[in-house]
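Structure, as structure tokens:
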Amino acid sequence: MDEMFSVGDFIEMLDEDVVSWSWWTEDQDLMNWDRQLDRRTAARLIHMYMKVVKRVEDLKDITPAYELRDLFDCRVCANHVAQVYLRGIMPGVKVGDIEIFDVYKDVSREEAEDILKQFSNINNVIL
């Protein structure tokens, strides 16, 4: 079993500038610092970092992300998920003939590193 990878671990990997955290994180992130990171939270954190710190505009049309069967399982995070999915930062998960995002799945350290590596690759193209 993978060791726990927390919300705080992910924030620290994404942005080492402690001062900037208040610009793009939410109170819930700081209150849940030691909680296990899940895919919906990782998507939200990456998306907010892109918008607030990197000033990347949202993709206007997210309808291609509707292929993710669980996109609206978390209505509040649907846009976050769509933005990172459509940019190729976080892939979907194939389950039989359908594709899901698996919003509630825990994120391991290895997966977090993969997400941030992909974000870095995309970040170089976006900016």
Restricting the range 67-76 to residues that are over 9 Å from VAL103 (Cα atoms) and among the hydrophobic types (A, V, I, L, M, F, W, C), the residue that is surrounded by the most Cβ atoms within 10 Å (Cβ to Cβ): LEU68
Just need a number here: residues in the range 42-66 that are under 26 Å from GLU110 (Cα atoms) and either free of Cβ contacts under 8 Å to residues at least 40 places away in the same chain or not β-branched (Val, Ile, Thr) (or both). 13
Check on VAL103, surrounded by 13 or more Cβ atoms within 10 Å (Cβ to Cβ), under 19 Å from PHE10 (Cα atoms) and in contact with an Asp or Glu (Cβ under 6 Å, 6 or more places away or on another chain): yes
When residues of the range 24-36 are filtered for being touching a helix residue (DSSP H, G or I) at 6+ places or on another chain (Cβ under 9 Å) and modelled with pLDDT under 95, how many remain? 9
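So that you can scan it fast, the table gives a plain yes or no per residue for (1) assigned to a loop (DSSP other than H, G, I, E, B); (2) basic (Lys, Arg); (3) surrounded by 15 or more Cβ atoms within 10 Å (Cβ to Cβ); (4) over 13 Å from the mean Cα position of the chain (by Cα):
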position	(1), (2), (3), (4)
GLN28	no, no, no, yes
TYR49	no, no, yes, no
GLU57	yes, no, no, yes
ASP61	yes, no, no, yes
TYR85	no, no, yes, no
MET90	yes, no, yes, no
Only one of ARG75, ARG39, ARG69 is at pLDDT 90 or above, within 19 Å of VAL107 (Cα to Cα) and basic (Lys, Arg). Can you tell me which? ARG39
Evaluation of ASP70 against (1) among the charged types (D, E, K, R); (2) in contact with a strand residue (DSSP E or B) (Cβ under 6 Å, 6 or more places away or on another chain); (3) in a helix (DSSP H, G or I) (one fails), failing number: (3)
Counting only residues that are modelled with pLDDT of 90 or more and hydrophobic (A, V, I, L, M, F, W, C), which one in the range 1-12 is farthest from VAL107 (Cα to Cα)? ILE11
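The values are calculated or read from the model by the stated rules, or taken from the named source; none is laboratory data. Note that this is a predicted model, so its numbers are computed, not measured. Every residue, glycine as well, gets a Cβ built from its backbone with ideal geometry; the counts of neighbours run over all protein chains shown.
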